[in-house]
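Notes follow once the structure below has been shown.
Just so it is clear, none of the values below were taken in a lab; they were calculated from the coordinates. Predicted model, so just to flag it, every value in this text is computed and none were measured. Here the Cβ is made from the backbone with ideal geometry for all residues, glycine too, and neighbour counts use every protein chain on show.
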Amino acid sequence: MKKNIGFIGCGKMASAIIAGILSSDAKKIYTIQGSEVNIEIAQKSAERLKINVLTDNKKLTQQSDIIFIATKPNCVSEVLEEIKQELSENKLIVSIAAGVNTTKIENIASKNRVIRIMPNTPALVNQGMFGICKGSRASESDVNLIKNLLNTLGKCIEVEEKQMDIVTAISGSGPAFFYQVIEDMARAGEKLGLDYEKSLILATQTALGSAQMIFNRGETPVQTLIDNVATKGGCTFVGICEMKEGNSEKLFFDVIDKTAQKANALGK
């Protein structure tokens, strides 16, 4: 029998997960509905996602076995208060709200098991990256259920809850950082005389291939992969030296650090 998943909120991140599920084998196991309190947004979401989108969060909760809380972080408490009478103890809550810890959710949904995840938008093309942690009442079988669902959309790792803001910074926000790096490389190629679209293809495919090389590296350290390309005295070596002179390590540390701090603040 299929399990019913309800998404309270059908924004960008929820849409990526929904679209990913509908394009994967997981659609054989789950039925999906969404809810948006604004009628116009609900209609547009239904047309875009090809699912039923209600305008009643309580009704969605009643009809769902698994409820994804996919609202803005500052709306989570309000939504939980709205639906808590419909939250029978057999329902599993999955939050994707950045910065909102499971204790805050459990304080309102006092009978329910809670799982917290941090997804990213490449789930839309089944190349997502998810961090997952469980609340105090969730079981390993709950974690495995959600892991199995997420693994159809990419890769999933379990972490301690105190590490979730770091996950948010690296993988939740990370796609935008990689898009910026790819764009900067493509624009550099353009300024040096290469057509922008060709530069963009070069940078994008190189990023894709380099990422796959890391996954395929076996026991080879990432530094060895760098050294294999950046032969001392060669053109790549000059580029790496330029990155080190510009302190790229500090730049990316600051990017991740500031983003993690902001993710933490969102849940306050």
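The C-alpha radius of gyration of the range 174-266, expressed as a fraction of 2.2 N^0.38 Å, stands at 1.25. Most tightly packed first, judged by the mean number of other beta-carbon atoms within 10 Å of their residues, the peptides 58-66, 15-23 read 15-23, 58-66. At each listed q (0.12, 0.14 Å⁻¹), what is the log10 of I(q)/I(0) that the Debye formula gives for the chain modelled as equal alpha-carbon point scatterers? With no solvent term, the Cα-only Debye profile gives -0.80, -1.01. Using the alpha carbons alone, the radius of gyration of the range 80-120 stands to its Kirkwood radius in an Rg to Rh ratio of 0.95. The Stokes-Einstein estimate for the range 128-183, based on a Kirkwood radius over Cα pairs and taken at 25 °C with 0.890 mPa s viscosity, is a diffusion coefficient of 200 µm²/s. With both labels modelled 7 Å from their Cα along Cα-to-Cβ, the Lys244 to Asp25 distance reads 4.6 nm. Kirkwood's formula applied to the C-alpha pairs of the range 114-156 gives a hydrodynamic radius of 10.3 angstrom. Taking a ≥ b ≥ c as the square roots of the eigenvalues of the Cα gyration tensor, the range 113-268 is prolate, since a/c reaches 1.5 or more and a/b is larger than b/c. Which of the three applies to the range 160-221, rounded, prolate or oblate, going by the alpha-carbon gyration tensor with a ≥ b ≥ c and a/c under 1.5 meaning rounded? In terms of gyration-tensor shape, oblate. Pairs with C-alpha atoms separated by more than 29 Å, drawn from the list Lys44/Lys191; Lys72/Lys155; Lys58/Lys155; Lys59/Lys111; Lys12/Lys191, are Lys44/Lys191; Lys58/Lys155; Lys12/Lys191. Taking the chain as the reference, fit the longest principal axis to its C-alpha atoms, fit the long axis of helix 39-49 to the helix C-alpha atoms, and give the angle between the two in degrees, 0 to 90, nearest 10. Orientation of helix 39-49: about 60 degrees from the principal axis.
Per residue, the convex hull around the alpha carbon atoms of the range 34-141 comes to 112 Å³. Peptide packing for 86-98, 226-238 was compared via the average number of neighbouring C-beta atoms within 10 Å per residue; ordered from the highest value, the list is 86-98, 226-238.
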